[in-house]
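Here is the structure we will look at.
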Amino acid sequence: MLLHGAGANTHWWSHLAPSLASRFHVIAFDFRGHGDSDRPDEHYSGAFEQDLQAVLDEFGARSPVLVGHSLGAHVAIAFASKHPACRAVVLVDPFRGVSATRSRATRLALSLNPSYATRDHAVRRFRFLPAAAHASEELRRSIAEESVERQADGRWGFKFDERWFSLPPADRPDLSQVACPVLILRGADSPLLTVEGAAALAAELPRARVIEIAGSGHHVIVDQPERCLAAVAAFLGEVAPSGE
């Protein structure tokens, strides 16, 4: 299960999923209020975990491997803390160790969803937040092309409901209840997962390890996709070798 980050969508995984799909049954989906999913009026903590459970139920997946980036990482670990049948979890640069001021600033920036007169202008203005200095322009544009939509007023904006980012932070899950192996991937230049934060997170998990990806900020999956994929594939080959 590939779980995207805040303000993102399933297409953020499109350049990685085919390689994983050669060995595993890969599923990626849009959380509610993101991508092409519906925009419900009700907003509450835990909704994205419910989305994950619904997709797992739809496919009859009882022992999933969860790979989450940013917000998706938090959804993954919260879900795993309540579902011991999870086989493994990969956390790609979750928030941890960052100051409250930086965290609030990031949420505020995500809550702003500007609009543009044309689709092309919206695609050109699409940026990763925080910046992904090492992402290729080709990858940025391919994700941007799948991340814009025409709004009710005829202008063009990005495919997410910014109201989700005004919710208060969810309570931290009981990480001691995560029974499966966990890989934490940290971008070496990440402003949102500090070295100390990654170590503290790993210490709270019974079976966790940390790998740092050089030349990457928060968005490891676009800054260093090949290194990210290699680390994930090696970990899954060890903990889920059957590829079921």
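The values are calculated or read from the model by the stated rules, or taken from the named source; none is laboratory data. Source: prediction; values computed, not measured. Please note: Cβ atoms are built from the backbone with ideal geometry, for glycine as well, and neighbour counts cover all protein chains shown.
Of note:
- Being among the basic types (K, R), touching a residue at least 24 places away in the same chain (Cβ under 8 Å) and more than 17 Å from G215 (Cβ to Cβ) is not true of R141.
- Just one of (1) aliphatic (A, V, I, L, M); (2) under 19 Å from the mean Cα position of the chain (by Cα); (3) more than 27 Å from I143 (Cβ to Cβ) fails for I213. It is (3).
- Applying the criterion of being among the aliphatic types (A, V, I, L, M) and closer than 18 Å to H69 by Cα to the residues of region 135-170, the residue that is modelled with the lowest pLDDT is A170.
- Those strands (runs of 3 or more DSSP E) of region 127-229 in which at least 2 residues are on the phi < 0 side of the Ramachandran plot and surrounded by fewer than 16 Cβ atoms within 10 Å (Cβ to Cβ), considering only elements entirely within it, cover 148-150.
- Of all residues in region 105-133, those satisfying the criterion of being under 18 Å from the mean Cα position of the chain (by Cα) and not aliphatic (A, V, I, L, M) are T106, R107, S111, F126, R127, F128, P130.
- The set of residues in region 156-204 being farther than 20 Å from F235 by Cα, touching a helix residue (DSSP H, G or I) at 6+ places or on another chain (Cβ under 7 Å) and of a type in the set (D, E) consists of E162, D174.
- Picking from residues in region 108-134 that are hydroxyl-bearing (S, T, Y) and in contact with a helix residue (DSSP H, G or I) (Cβ under 6 Å, 6 or more places away or on another chain), the one that is farthest from H69 (Cα to Cα) is Y116.
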